[in-house]
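A short reminder: the numbers here are calculations on the coordinates, not readings from a lab. Treat the numbers as computed from the prediction; the structure is a model and nothing was measured. Neighbour counts run over all protein chains shown; Cβ positions are idealised from the backbone, glycine included.
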Amino acid sequence: MEMLDGLHEIIQELYQNDDTKGLILTGEGEKSFVSGADIKEFTSLNPIQAYEFARKGQQIFKLIEDCPKPVIAAINGFALGGGCELAMACHIRIATENAKFGQPEVTLGIIPGYGGTQRLPQLVGRGKALELMLTADLISAQEAKSLGLINHVVGNREELMSRANSIMRKIIANGSIAVGKIIKSVNAGYSFEQEGYKTEAEHFAACTATADFAEGTAAFIHKRKPKFTGK
């Protein structure tokens, strides 16, 4: 939640500061873009708190998606769960060859809660999105590119930032009003999606009241295989 609050502040500044023309998001170090939520942080959530937890993340990621200035995800490693959802909220995604993508929430007895059930089908198609979310499979950067999940794959971190900056410079050299209106026009094609996000948050919250969620998160924390009972 601390990271989300910090991200929210940055996005608000992007909206308000006329001198800032765009934003590149990347992870610190070489291992991860964002490896996902801190599992320990939401194990104590009740369904009401979990619903608000999901809606907060959805709203911040929607601000990114709707931002009239370009937001590029420079993905330098694992982009799992909320990390994959954050990347999908960005307008353009570039990844290093070692990057991995996935929505493994089902292994914890829960579902994606930050827009994953809505954006992943938009990017890779309904069938493949269902397969990835239901199996919790991770995919490579090359497979992600072939599916349309990301735009470009590069060799290393240096190339990643160079490519991200090159694309950003091309975009901000164009008319900023036109850039913003293209983003708004493309997003208009998904104008009925908000109900889907609300449904996702409701089901995310409902999962936190199940024994499977308690078992899945406990197994993750204690590094063992979960034993789900369907309760």
Checklist outcome for this item: So for R0 = 30 Å, FRET eff. of Asn17-Tyr190 from the Cβ-Cβ r, to 0.05, ends up at 0.65
Checklist entry - Hey, can you rank 176-182, 224-230 by average C-beta count inside 10 Å, highest first? => result 176-182, 224-230
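Within the set of other residues whose C-beta is less than 14 Å from the C-beta of Ile139, count the net charge using Lys and Arg as +1 and Asp and Glu as -1. Display every interim value, and only then the final one.
Details: positive: Arg93, Lys100, Lys128, Lys145; negative: Glu97, Glu131, Asp137, Glu143.
Around Ile139, the surrounding residues sum to 0.
When ranked by the protection proxy of mean other Cβ atoms within 10 Å per residue, highest first, what sequence do the peptides 105-116, 4-15 form? Each step should come with its number before you reach the end.
Working: 105-116: 24.4, 4-15: 14.2.
Taking the mean over residues of other Cβ atoms within 10 Å, the ranking is 105-116, 4-15.
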Checklist entry - Tally Lys/Arg at +1 and Asp/Glu at -1 over every other residue whose Cβ is under 12 Å from the Cβ of Ala99; what's the total? => result +2
Next on the checklist: Using only the Cα atoms of the chain, what are the Rg and Dmax in Å?
Outcome noted: 17.5, 56
Item to check | Burial order of peptide ranges 70-80, 129-139 (average beta-carbon count within 10 Å, highest first) | outcome: 70-80, 129-139
Checklist entry - Hey, what number do you get for the chain at 222 nm if only DSSP H runs of n ≥ 4 count, each worth -39500 (n - 2.57), divided across all residues, to the nearest 500? => result -17000 deg cm²/dmol
